[in-house]
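The values are calculated or read from the model by the stated rules, or taken from the named source; none is laboratory data. Model, not experiment: these values are computed from the prediction. When we count neighbours, we look across all protein chains shown, and the Cβ atoms used for this are built from the backbone with ideal geometry, even at glycine.
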Amino acid sequence: MPLKIELKPHESIIIGESLITNDGERTRFYIEGNVPILREKFILREKDANTPSRRVYFIVQQMYLSGGTPELQKLYLEYVRDLQNAAHSLIPYIAPVNESIIHQDYYGAIKACAKLLEKEDELFGESLKM
């Protein structure tokens, strides 16, 4: 069964390795196949990965889009270590991300990271709204 996607005017979506941006009218289309898909509200651009939690989120996003290469896994571990050192209170929010990564459920890891960013925002202010 195909996935139905509706995009608002000027909304973006990543399908596979392509960023697609809608023009000025609402659009509906259907996707068949098994490719990574990220709606705009879950996309974090590299330039916005400017806190420890955001760096973790960005790497998890890249893992989801690429299938989790060893290089990205190494960076993920490095960023998680930095995050744990920067904010011990966020460690309980990292565990579900780690669990998803271990099971190669990168989309689940993105959703868990969204909760991590919400907590970062609550504790420290100005974080990505998901």
(request) Identify, from the list E46, E71, the residue that is over 14 Å from K111 (Cα atoms), under 12 Å from the mean Cα position of the chain (by Cα), at pLDDT 90 or above and surrounded by fewer than 15 Cβ atoms within 10 Å (Cβ to Cβ). (result) E46
(message) What pairs come out if I take residues in the stretch 26-47 that are touching a residue at least 40 places away in the same chain (Cβ under 8 Å) and pair them with residues that are among the hydroxyl-bearing types (S, T, Y) and surrounded by 11 or more Cβ atoms within 10 Å (Cβ to Cβ) whose C-beta lies under 6 Å away, six or more apart or interchain?
(response) P36/Y64; L44/Y57
(request) Would you mention how many residues in the stretch 41-62 are in a loop (DSSP other than H, G, I, E, B) and under 20 Å from N98 (Cα atoms)? (result) 4
(request) Just need a number here: residues in the stretch 69-109 that are outside any helix (DSSP H, G or I) and either within 21 Å of L38 (Cβ to Cβ) or assigned by TED's automatic domain parsing to the domain that holds V35 (or both). (result) 4
(request) Give the residues of the stretch 1-40 that are loosely packed, with under 11 Cβ neighbours inside 10 Å, charged (D, E, K, R) and either part of a helix (DSSP H, G or I) or within 18 Å of the chain's Cα centre (by Cα) (or both), sorted by residue number. (result) E17
(request) Evaluate the following for A95: is it under 19 Å from E118 (Cα atoms), in contact with a Lys or Arg (Cβ under 8 Å, 6 or more places away or on another chain) and without any contact (Cβ under 8 Å) to a residue 12 or more places away in the chain? (result) no
